[in-house]
Amino acid sequence: QDRSVQVKLVLLGEAAVGKSSVVLRFVSNEFQANKEPTIGAAFLTQKCRLEDRVLRYEIWDTAGQERFHSLAPMYYRNAQAAVVVYDVTKASSLEKAKTWVKELQRQANPNIVIALAGNKIDLVQPSSSASSSSDSAEPEEEADDATATPGENGVDSGENLRQVPRDEAEAYAQEAGLLFFETSAKTGEGIVEIFTEIAKKIPIE
Ligand code: GTP
Ligand code: MG
């Protein structure tokens with residue numbers, strides 16, 4: 001007995017935020033450092049297993065370049081789910097994401113499940129787990145330690161690359177009724193979660 005339900009899902013967002021990379025991570029568990037821009041759209045499928053059922057995602061990965069904007073309605077029409085992606089290191093990409101959300105809320109299926117994903121989180125996190133408790137019990141020499149005092153100037157933490165505060169995006173998502181994630185297609189952080197949390201919100205037919 002095949003209990004798998006087909007779910008049409010569309011990815012939208014500004015060019016180069018990592019839509020195709022998010023899909024590649026979810027479908028193949030791979031990452032490409034120099035992924036070429038999508039032309040038109042790409043179609044991929046992947047199963048998603050929940051405790052009580054299996055969904056089969058039919059994924060439309062759209063092109064973010066402005067010249068392809070007019071094609072988008074073909075891909076979000078009848079979609080049951082959408083992932084709108086922005087880049088946490090680029091503030092303008094969140095503004096673009098908001099315009100996609102508005103367009104979806106006006107033009108797409110009224111029951112569409114929308115997730116907002118702030119991608120490239122690996123660029124704004126410390127690469128090693130530098131202890132945040134700098135006043136711990138070890139009275140070591142502090143000078144000449146290049147990894148000391150992250151957060152003092154942000155140089156080591158990568159926080160200087162962040163242009164979209166998590167709080168700000170999360171508050172917007174809540175207000176707009178969206179699921180919210182910060183993700184990295186590069187490390188895989190948060191990627192499967194997007195698709196499983198969406199799956200849980202798709203009604204059983
Ligand atoms: P369009 O198809 O033009 O709309 O772009 P896209 O949104 O599909 O972006 P794509 O997946 O092609 O990624 C653009 C660039 O960002 C590529 O060089 C990716 O390797 C890189 N990239 C994507 N996701 C991440 C990430 O999570 N972290 C880092 N560091 N780089 C990423
Ligand atoms: Mg792409």
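Straight Cα distances below 20 angstrom link K8 to the lysines K19, K47, K102, K200, K201, with same-chain residues fewer than 8 positions distant left out.
Packing, taken as the mean count of other beta carbons within 10 Å per residue, orders the peptides 170-176, 90-96, 199-205 from highest to lowest as 90-96, 170-176, 199-205.
The fewest-to-most ranking of F26, F43, F181, F68 by surrounding Cβ atoms within 10 Å reads F43, F68, F26, F181. Charging the Cβ of each Asp and Glu at -1 and of each Lys and Arg at +1, and nothing else, the dipole of segment 1-85 about its Cα centre rounds to 180 debye. Taking a spot 7 Å from the Cα of V54 along the direction of its beta carbon, which residues of segment 179-205 have an amide N less than 13 Å from it? Taking a point 7 Å out along Cα→Cβ of V54, no residue of segment 179-205 has its backbone N under 13 Å.
Simple spin-label estimate for E30 and V192 gives 1.9 nm between the two label positions (7 Å along the Cα-to-Cβ direction from each Cα). As a calculated quantity, the FRET efficiency between A176 and I39 at R0 = 35 Å, using C-beta atoms, amounts to about 0.75. Across segment 17-57, the convex hull enclosing all Cα atoms gives 77 Å³ per residue. With the cut-off at 1.5 for a/c, could you classify segment 1-133 from its C-alpha gyration tensor as rounded, prolate or oblate? Judged from the Cα gyration tensor, segment 1-133 comes out oblate (a/c at least 1.5, b/c at or above a/b).
Readers should treat all values here as calculations from the given coordinates under stated rules, not as data from a laboratory. None of the values given here were measured: they were computed from a predicted structure. We place every Cβ from the backbone using ideal geometry, glycine too, and count neighbours over all the protein chains shown.
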